[in-house]
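Single-structure report; data block below.
The values are calculated or read from the model by the stated rules, or taken from the named source; none is laboratory data. Note that the structure is predicted; figures quoted are calculated from it, not measured. Cβ atoms come from the backbone with ideal geometry, glycine included; neighbour counts cover every protein chain shown.
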Amino acid sequence: MGISLSALRAIELFAGLTEDELKAIVDVGKTTTYRQGDVILRKGEQSTEVYLLLGGQVEVVSELSEDATSYIILGAGQSFGEMALLDAGPRSAAIRCVSPKAEIFSFGRDDLLTFWESHCEVGYKMLFNIARDLGFKLRIRNLKQEMEGA
Amino acid sequence: MIYKVSYVVTGGEHPGAMINQEFAPEIGKEVQLGDKTFRIVEVSELLPPMGDFAFLHVTCRPVQEQTASQEEAET
């Protein structure tokens, strides 16, 4: 499959999946290597892939300009693009590679939804993991706001 | 165990980071976030562990800033 099981196990989106389920779902997506400065997503674009970081770091920014606001840096095991996976809306931020290179695994929305329809238990686990990840990010945002107000 | 770590940087414009790692963050250790290096000053559990994942909140400071303030205190 080209990706080590240990790398997949570090991705929270795959938490709870069996080895057979991991092997099956990896066949649905593809791996791409990005270099420092590469733009992975542009704000407003109409794409619907979901991305999983196998290694390296990316930065989530408001725009692709010098004075852009940086929202967060994401490292190994993190995912992005889930919002468009769920609602097919335009991208809410831009993503660029900030490490010398980043290995990123991605799913097409239609491919993933089709896979989930035929593998409902995998779909349940992954959607639960996406919901938990969004909850974690909300908690962190609240914590940051508390720290800034202190 | 996989440690899902939220790194929050105090004092500065850095947005922080979120990284899954196979080792627990430790106070005093350095971490590379983007093109900058930070020192960990606080580690706390954000949520109880679930399955193979632990959920941690880490506060860190820029290494250069810390060094400068330490030098200032010494002079």
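So in the stretch A:26-54, with the set limited to residues that are within 14 Å of chain B (Cβ to nearest Cβ) and either outside any strand (DSSP E or B) or on the phi > 0 side of the Ramachandran plot (or both), which one is modelled with the lowest pLDDT?
A:37
In the stretch A:110-140, what count of residues is obtained for those that are exposed (fewer than 12 other Cβ atoms within 10 Å of the Cβ) and within 10 Å of chain B (Cβ to nearest Cβ)?
1
Suppose we filter the stretch B:3-12 for residues that are more than 13 Å from residue B:41 (Cβ to Cβ), surrounded by fewer than 22 Cβ atoms within 10 Å (Cβ to Cβ) and within 8 Å of another protein chain (Cβ to nearest Cβ); how many remain?
Of the residues in the stretch B:3-12, 0 are more than 13 Å from residue B:41 (Cβ to Cβ), surrounded by fewer than 22 Cβ atoms within 10 Å (Cβ to Cβ) and within 8 Å of another protein chain (Cβ to nearest Cβ).
Which one is nearest to the other protein chains (Cβ to nearest Cβ), of the residues in the stretch B:13-33 that are of a type in the set (Gly, Ala, Ser) and surrounded by 18 or more Cβ atoms within 10 Å (Cβ to Cβ)?
B:17
Of all residues in the stretch A:77-94, how many are assigned to a loop (DSSP other than H, G, I, E, B) and not polar (S, T, N, Q)?
7
When you scan the stretch A:59-96, how many residues do you find that are small (Gly, Ala, Ser), away from chain B (no Cβ under 14 Å) and without any contact (Cβ under 8 Å) to a residue 24 or more places away in the chain?
Number of matching residues: 2.
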